[in-house]
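Got a structure for you, questions after.
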Amino acid sequence: MSAAGAGAVHPGYGFLSENADFARACARAGLTFIGPTADAIQLMGNKAEAKRRMKAAGIPCVPGYEGEDQSDAAFAAAADAIGFPVMVKAAAGGGGRGMRLVAKKKQLAAALTSARSEARNAFGSDELILEKAVSEPRHVEFQVFGDSHGNVIHLGERDCSVQRRHQKVVEEAPCPVMTQELRDEMGKAAVEAARSIQYESAGTVEFLLDAGRRFYFLEMNTRLQVEHPVSELITGLDLVAMQIRVARGEPLGIGQDDVKFSGHAIEARLYAEDPSNNFLPASGCIDVWRPPGGAGIRVDHGLEQGQEVSPYYDPLLAKVIAWGADRDEARRRLIRSLKDTIVFGPVTNRDFLIAVLEHERFAAGEVSTAFLADNLSEAMLQEAHPSPAQAAVAT
């Protein structure tokens, strides 16, 4: 880093951004880590410890078990007390790894064994927690920001309910069912969660929101999220610039009352994967790449024509984001922009994303984390092929 003349490191939103050892290594090297403190990363990176701290702070949490006794017997007793179905989760991880839905008691032992193995391989820790499975909730997260002067605010919420295998596919802001009263209540809880650990920089407090508008703390991601552009588009704020400002020791410069929302934004994650083949990741050369443009469209990517997509990294190619004066305008703009997106080479999920956005339940804002599981159809999974007329014109 010294050879590059850098005085600070922005870790992005990958694994390094939530690696406490990396943050401490930056400090030892005399580099400023543009993110939260290593202690905050370590604390909130463990779901068990995070839930204990949030309960102590009075934040509503999903009923569960995060005890030190990791025996099968302890988990069985806890599951009986909580009531089935339950979720088994890796305490040290995220992204769906080490996570199992257990509907019946007889399935628990096998779920614990497989979750421990996956968690150990993915995160180096086989510690697990249990949570009550909330039926068809929305996944609603709040963008929070803190500085070293004790200021903590939130920048509103994002709805990330459209998920596949616990991985987010489409995100939007604001949440379609949010009311100002509920936003105030959830935002206050998110701010208190961050304040309780003296949090600095950008962070995300994630909640489950049930059909009765009850919300429960899920976890806190101590980093910038992949879906942060939707928050930027409805607030007009540059979150990375705010991170840099905080890392320099400056105050946020804005208070909660200064945060205003305008319009609606939706983001779709463009992946190199084959929806028709169980979403198997794809690799190969990007022969042609032409991102969309137009009013209200933003594309975040690092692609070049001729670039090789290897099988060794996450298959996310680009994020296509649309802003509109209202939700339907944003949705229609995003559909149009995806149809205008040209990627020749590895197969992508472009047509799958379009099918999701065009689905009548998504159009109506009637989604939960069960949306894809309940509504996947063969038609949604098939890649569109050119008609004979289109093929003739192309040749």
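The values are calculated or read from the model by the stated rules, or taken from the named source; none is laboratory data. On a predicted model such as this, the values are computed, not experimentally measured, just so you know. For neighbour counting, all protein chains shown are included, and Cβ atoms are generated from backbone atoms with ideal geometry for every residue, glycine included. Protein only, heavy atoms only, side chains kept; ligands, DNA and RNA dropped before computing areas. Shrake-Rupley method; radii C 1.70, N 1.55, O 1.52, S 1.80 Å.
Run the helix sum for the chain: -39,500 (n - 2.57) per DSSP H stretch of 4+ residues, divided by residue count, reported at 222 nm to the nearest 500 deg cm²/dmol. If you can, show how the numbers build up before the last one.
Values: 14 runs with 130 residues, N = 395.
For the chain, the value works out to -9500 deg cm²/dmol.
Using each residue's phi in the stretch 202-208, evaluate 6.51 cos²θ - 1.76 cosθ + 1.60 at θ = phi - 60° and report the 3J(HN,Hα) Karplus result to the nearest Hz, with x for Gly and Pro.
7, x, 10, 9, 9, 10, 9
Moving to a separate point now. Give, in nm to one decimal, the length gained when the segment between Gln180 and Leu101 is fully stretched (0.36 nm per residue of separation minus the Cα-Cα distance). Mind dumping the intermediate values first?
Values: separation 79, 0.36 × 79 = 28.44 nm, distance 3.27 nm.
This chain segment gains 25.2 nm when fully extended.
Over the stretch 155-287, give the accessible area per residue in Å² for a 1.4 Å probe, as an integer. It would help to have the intermediate numbers written out before the result.
Details: 4910 Å² over 133 residues.
That works out to 37 Å² per residue.
Starting from the coordinates of the alpha-carbon atoms of the chain, obtain the Kirkwood hydrodynamic radius over all distinct pairs and give the value in Å to one decimal. Working shown, then result.
On the way: mean 1/r = 0.0451 Å⁻¹.
Taking the inverse mean of 1/r over all distinct Cα pairs, the chain comes out at 22.2 Å.
Please give the solvent-accessible surface of Glu136 in Å², to the nearest 10, using a probe radius of 1.4 Å with every protein chain present.
Accessible area, nearest 10 Å²: 100 Å².
Let me ask another. Highest GNM mean-square fluctuation, the chain, Cα pairs closer than 10 Å: which of Val367, Val309, Val86?
Val309
Now for a different question. Once neighbouring chains are kept in place and the probe is 1.4 Å, which whole percent of the accessible area of the stretch 216-256 is contributed by carbon and sulfur?
Numbers: 700 of 1360 Å².
Looking at the stretch 216-256 in its full context, I get 52 percent from C and S.
Take peptides 299-307, 53-61 and line them up by average Cβ neighbours within 10 Å, highest first, as a rough protection proxy.
Working: 299-307: 12.3, 53-61: 16.6.
Output ranking for 299-307, 53-61: 53-61, 299-307.
Would you please name the GluC sites (Glu not before Pro) within the stretch 39-97 that are DSSP coil residues with at most 12 other C-beta atoms within 10 Å of their C-beta? Kindly include the intermediate steps, with their values, before the conclusion.
On the way: sites: Glu49, Glu66, Glu68; in loops: Glu66, Glu68.
Passing sites in the stretch 39-97 are Glu68.
How far is it, in nm, from the label point at Ala74 to the one at Glu136 when both lie 7 Å from their Cα along the line to the Cβ?
Once both label points are built, they end up 3.6 nm from each other.
Return the sequence-ordered ³J(HN,Hα) values of the stretch 350-366 in whole Hz as given by the Karplus equation 6.51 cos²θ - 1.76 cosθ + 1.60 applied to θ = phi - 60°, using x for Gly and Pro.
Working through the residues one at a time gives 3, 5, 5, 4, 4, 4, 5, 5, 8, 5, 4, 6, 5, 4, 7, x, 9 Hz.
Now for a different question. If you stretched the chain out fully between Tyr313 and Ile244, how much longer would it get, using 0.36 nm times the residue separation minus the C-alpha to C-alpha distance?
On the way: separation 69, 0.36 × 69 = 24.84 nm, distance 2.70 nm.
Full extension of this stretch gives 22.1 nm more.
Given a cut-off of under 8 Å on Cα pairs at least six residues apart, what relative contact order in percent is computed for the chain? It would help to have the intermediate numbers written out before the result.
Details: 798 pairs, mean separation 56.6, N = 395.
Across the chain, relative contact order equals 14 percent.
With a cap of 12 neighbouring Cβ atoms within 10 Å, and only residues DSSP puts in a loop, list the chymotrypsin sites (Phe, Trp or Tyr not before Pro) found in the stretch 265-333.
On the way: sites: Tyr271, Phe279, Trp289, Tyr312, Tyr313, Trp323; in loops: Phe279, Tyr312, Tyr313.
The qualifying sites are Tyr312, Tyr313.
Could you give each residue of the stretch 264-276 its phi-based ³J(HN,Hα) in whole Hz, using Karplus coefficients 6.51, -1.76, 1.60 with θ = phi - 60°, and x for Gly or Pro?
So the J values, rounded to whole Hz, are 9, 9, 10, 10, 10, 9, 8, 10, 8, 7, 10, x, 6.
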